[in-house]
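First the structure, in the form of structure tokens, and then the observations on it.
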Amino acid sequence: MKVTLYNTLSRQKEEFIPYDKNEVKMYTCGPTVYWYQHIGNMFAYVWADIFQRTLKFADYNVKHVMGLTDVGHLVSDDDSGEDKMEKGSRREGISVWDLAKKYADQFFKDTASLNIQRPPTVCPATHYIQEQIDAVKKLEENGFTYQTSDGIYFDSSKDPTYGELAKLDIEGLCAGERVEMAEKRCKTDFALWKFSPKDEKRQMEWDSPWGVGFPGWHIECSSFCLSTLGEYVDIHTGGIDHIPVHHTNEIAQNKGITGHRVVKYWIHNNFIVKADGTKISKSEGDKMLVENFVEKGYNPLAYRYLILSAHYRKQMKFSEDLLKMAQTALERLNEKVLELKKETQEISETTHAVAWLNKIKVVLFDDFNTAQAITVFRDSLNSDLTDSEKLYIVQEVDRVFALDLGKEIQILIPENIKELAEKRLHARQNKDWAESDRLRDEIETLGYSIKDISEGYEITEKK
Ligand code: AMP
Ligand code: ZN
């Protein structure tokens with residue numbers, strides 16, 4: 001069955017035809033690990049996971065690679081300002097290496113809780129310094145670079161197709177505004193290699209043919225892509241914010257290095273916004289983590305369900321109320337599957353069941369329409385299929401949905417309820433029965449029941 005997807009490059013839905021039908025090569029820009037990745041960032045990774053799972057569902061072998069930005073990344077997109085890693089290290093009083101480890105660990109913990117499959121190859125920029133130097137050397141050999149007092153720059157005027165992804169109007173970009181551009185020849189030029197400042201010892205710096213320094217942000221993704229996937233990459237994913245600068249520069253570098261187009265399909269996810277329409281900012285990232293919602297008693301897969309109910313190219317609103325509704329919807333769906341499992345342990349792959357599954361595939365393979373796929377899936381559960389045929393559908397769709405359908409849901413008890421229960425236990429040990437009763441009432445008011453058992457207590461959610 002054919003898969004179609006929206007290619008940002010052509011601004012059209014196109015039939016997916018990989019370079020090599022035996023192996024799809026897919027690259028995803030990874031997290032910057034100087035700070036938390038909030039639930040907005042997770043939107044990008046859940047979708048990348050859906051893309052690769054859907055392609056596997058369509059019987060492709062998928063080689064998925066993700067980058068990890070643990071070096072460089074200057075505060076400003078125009079290659080000036082402080083290095084975000086060094087800044088983060090000072091803020092937290094730990095080394096940049098420990099900082100990168102801390103936030104990468106947190107990232108993988110959160111992505112695992114959302115059932116995002118970890119790409120088999122993850123490339124931290126610090127492990128690929130030689131590859132990045134080699135890429136800059138190649139660009140230099142091919143005449144795409146120039147040197148200034150603070151680094152080696154990509155000369156965007158050398159690429160006649162520069163800006164095609166973002167449909168940038170590059171006329172006039174190389175003229176005027178000299179102050180803003182410093183020594184850059186053109187506004188769209190960007191750093192490939194930055195020299196370490198003479199008066200400052202950086203924690204992360206490397207020797208290079210041009211002097212001690214560190215790689216620019218954009219060169220890392222081209223280097224990871226080319227060194228792990230080769231010169232022909234089928235899909236590249238990331239958020240829409242990367243279209244005008246990061247991905248535009250990646251395309252220019254790829255062409256400068258190889259002489260041809262490397263990535264065939266560019267897929268970009270839209271943004272998650274709060275109820276008031278504003279973006280979740282990095283500064284509130286530590287309050288908008290998957291983990292924060294788990295502490296409040298939400299199943300992280302309720303967030304995955306909420307995302308699947310949206311479309312990756314549309315802006316998605318987020319609020320706790322919407323998350324609550326998603327959790328209820330997921331619980332109901334799961335109860336339905338658990339009822340089926342009570343009736344039968346059998347899974348039947350009949351022609352009738354496959355016909356229903358194909359209906360789901362048709363919508364899913366049409367630009368990853370998970371929301372529609374969930375609707376058709378629900379219809380299949382209400383259809384004349386037998387219970388064992390329905391269980392076949394459940395088993396198959398959950399290879400993409402990854403909502404753990406049919407697994408007993410563990411009720412996650414919020415931290416504040418656990419604290420009250422601990423206080424109550426303490427009160428009981430001190431034979432303070434009045435306080436114990438008061439705490440029981442408080443727990444009940446918050447929607448939970450507490451029962452005393454020999455090992456301490458048992459908390460359940462009130463129905
Ligand atoms: P960053 O660490 O800022 O480079 O972000 C990592 C990924 O998350 C990128 O692909 C961004 O495009 C994406 N992203 C950042 N904020 C949001 C958001 N509010 N909604 C969806 N994706 C986002
Ligand atoms: Zn990237």
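The stretch 3-139: D in µm²/s via Stokes-Einstein (Kirkwood Rh, Cα pairs, 20 °C, 1.002 mPa s)? For the chosen part, D equals 127 µm²/s. Computed over the alpha-carbon atoms, the stretch 294-447 gives an Rg to Rh ratio of 1.14, Rh here being the Kirkwood radius from the mean inverse distance. Every pair of different Cα atoms in the stretch 4-269 enters the Kirkwood calculation, which places the hydrodynamic radius at 19.1 Å.
When you have a sec, figure out the Kirkwood radius of the stretch 222-291 from all distinct Cα pair distances and drop it here in Å to one decimal?
14.2 Å
Using Cα atoms only, what is the angle between the long axis of helix 387-401 and the major principal axis of the chain, expressed in degrees (0 to 90) to the nearest 10? For 387-401 against the chain, the angle is about 30 degrees.
Suppose R0 equals 35 Å. What FRET efficiency, 1/(1 + (r/R0)^6) with r the Cβ-Cβ distance, do His352 and Lys324 give to the nearest 0.05?
It comes out at approximately 0.45.
Between the stretch 365-397 and the stretch 415-463, the alpha-carbon centres lie 41 Å apart. Here each label is just a point 7 Å from Cα along the line to Cβ, and for Val273 and Glu331 those points are 3.1 nm apart.
Using a simple charge model, +1 on the beta-carbon of Lys and Arg, -1 on the beta-carbon of Asp and Glu, nothing else, what dipole does the chain show about its Cα centre, in debye to the nearest 20?
With only Lys, Arg, Asp and Glu charged at Cβ, the dipole is about 480 debye.
Rounded to the nearest 0.05, the FRET efficiency derived from the C-beta distance between Thr4 and Asn430 at R0 = 45 Å is 0.10.
When all protein chains stay in place and ligands, DNA and RNA are ignored, the 1.4 Å accessible-area order of Asp452, Asp441, largest first, is Asp441, Asp452. Distances between every pair of Cα atoms in the stretch 343-410, grouped in 10 Å steps from 0 to the bin holding the largest one, split as 22, 55, 22, 2 percent. Here the stretch 273-401 exposes an accessible surface that is 50 percent carbon and sulfur, computed with a 1.4 Å probe and the other protein chains kept in place. Potential lengthening of the chain between Asp404 and Arg11 amounts to 138.0 nm, from the contour at 0.36 nm per residue minus the alpha-carbon distance.
The H on the amide N of Asn61, modeled in the peptide plane, is under 5 Å from the matching H of Val24, each at least 5 residues off or on a different chain.
For the stretch 415-461, a crude dipole built from +1 on the beta carbon of Lys and Arg and -1 on the beta carbon of Asp and Glu, taken about the Cα centre, is about 160 debye to the nearest 20. Using +1 on the beta carbon of Lys and Arg, -1 on that of Asp and Glu, and nothing else charged, what's the dipole of the stretch 273-401 about the Cα centre, debye to 20? Around 540 debye, computed over the stretch 273-401.
Largest first, the three principal axis extents of the alpha carbons in the chain are 75, 63, 36 Å in whole numbers. How far is helix 39-57 tilted off the main Cα axis of the chain, in degrees rounded to 10, range 0 to 90? Roughly 90 degrees between the two axes. For the chain, the longest principal axis of the C-alpha atoms and the axis of helix 217-229 are separated by about 80°. Using a probe radius of 1.4 angstrom, the carbon and sulfur fraction of the accessible surface of the stretch 94-235 is 53%.
Shape analysis of the stretch 415-461 yields a ratio of the Cα radius of gyration to the Kirkwood radius, Rg/Rh, of 0.92.
Note on the stretch 174-333: the alpha carbon radius of gyration divided by the globular reference 2.2 N^0.38 Å gives 1.39. Separation of the alpha carbons by more than 32 angstrom is noted, of Lys84/Lys255; Lys137/Lys314; Lys314/Lys336, for Lys137/Lys314. Using a probe of 1.4 angstrom and keeping all protein chains present, the accessible surface of the chain works out to 46 square angstrom per residue.
The values are calculated or read from the model by the stated rules, or taken from the named source; none is laboratory data. These numbers come from a predicted model, not from an experiment. Cβ: placed from backbone, ideal geometry, glycine included. Neighbour counts: every protein chain shown. Each accessible area value is taken on the protein alone, full model and side chains, heavy atoms only, with ligands, DNA and RNA left out. Shrake-Rupley method; radii C 1.70, N 1.55, O 1.52, S 1.80 Å.
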